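Have a look at the structure below, then the notes.
The values are calculated or read from the model by the stated rules, or taken from the named source; none is laboratory data. The model shown is predicted, which means the values in this text are computed figures rather than measured ones. Positions of Cβ are generated from backbone atoms using ideal geometry, with glycine treated the same way; all protein chains shown enter the neighbour counts. The area values use the complete protein model at the heavy-atom level, side chains included, leaving out ligands, DNA and RNA. Shrake-Rupley method; radii C 1.70, N 1.55, O 1.52, S 1.80 Å.
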Amino acid sequence: MVEEFDREKVVDCMFDPVTSLILAELENGGKECSVLAEKSSISENEVLERLSYLLEHNFIHRISENKKNIFTANIEKLNEIVENNENFDATINGLEKMDSYLN
């Protein structure tokens, strides 16, 4: 069965400044939601909200231990999205477009 997800939405999640900070924290292994919230200066509920689409499509995994949520990243799956030239080019074009508006 082929998993269906919106690649553009995944890329948007990955390149969101706060979510990318959270993902960077997960590169070295699993982290508790409270740690991610503290490092990104947002609430635990907002961490869950920001990761919800990535969780839904198994880019991020959540494990509940002792009433604590621990998140881990599916690095291979996240890398596949970034390595897809079409998506990366679209992201670069979007950033260039946003930069032109700001200037």
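Please specify each residue of segment 49-72 satisfying the condition of being under 19 Å from ASP6 (Cβ atoms) and among the aliphatic types (A, V, I, L, M). It would help to see each step written out before you state the result.
Kept after step one, since they are under 19 Å from ASP6 (Cβ atoms), are these residues of segment 49-72: 49-60.
Scanning segment 49-72 gives LEU51, LEU54, LEU55, ILE60.
The set of residues in segment 61-81 that are part of a helix (DSSP H, G or I), open to solvent by less than 40 Å² (accessible area, probe 1.4 Å) and within 15 Å of ALA24 (Cα to Cα) comprises LYS77, LEU78.
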